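As structure tokens, the structure follows; a few thoughts come after it.
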Amino acid sequence: MTQDIQQLIKEQVTTHPVVLYMKGNPQFPQCGFSANAMGILNALGVKDVFTVDVLQNPDIRQGIKEYANWPTIPQLYIKGEFVGGSDIMTEMYQSGELKKMLGS
């Protein structure tokens, strides 16, 4: 089972340029950190964010923590690479580094 979930996560992060695993969805984030992460992506004008609501799928919620070896949600992936959670996104946004990574 976990192998299937890991494979699914790998497919999601490698077939979409920007993937955000979050609690809730872009219209209705279910936690402040997810809202912050979405706000940053919106502020950078990222249009095609593939979001995964981990509250809808407990297996993915657990699996994504193992996939990145990162204990918290949200998690941002750009071009298949794990970037970080809300705090790291905030720092990278403020420094301009996230904008460069996104090529926006």
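Here are a few things to note about the model shown:
- Residues with amide H under 5 Å from that of Val18, placed H, sequence gap 5 or more: Phe50, Lys79
- Extension gain, Thr14 to Thr72: 0.36 nm times the residue separation minus the Cα-Cα distance gives 18.8 nm.
- Under 12 Å, Cβ to Cβ, from Gly80 - net charge with Lys/Arg +1 and Asp/Glu -1: 0
- The stretch 2-78: proportion of alpha-carbon pairs further apart than 15 angstrom, %: 51 percent
- Considering helices alone, the calculated mean residue ellipticity of the chain at 222 nm is -15000 deg cm²/dmol, with DSSP H runs of length four and up weighted by -39500 (n - 2.57) and normalised per residue.
- Net charge of neighbours whose Cβ lies under 14 Å from the Cβ of Lys65, counting Lys and Arg as +1 and Asp and Glu as -1: 0
- Other residues with beta-carbon under 12 Å from the beta-carbon of Phe33 carry, at +1 per Lys or Arg and -1 per Asp or Glu, a net charge of 0.
- Working from label points 7 Å from Cα in the Cα-to-Cβ sense, the Leu55 to Gln3 distance is 3.3 nm.
Taken together, the values in this text are just the output of simple stated rules run on the coordinates, not laboratory data. Keep in mind it's a predicted model, so treat the numbers as computed, not measured. Virtual Cβ from ideal backbone geometry, glycine too; neighbours counted across all protein chains shown.
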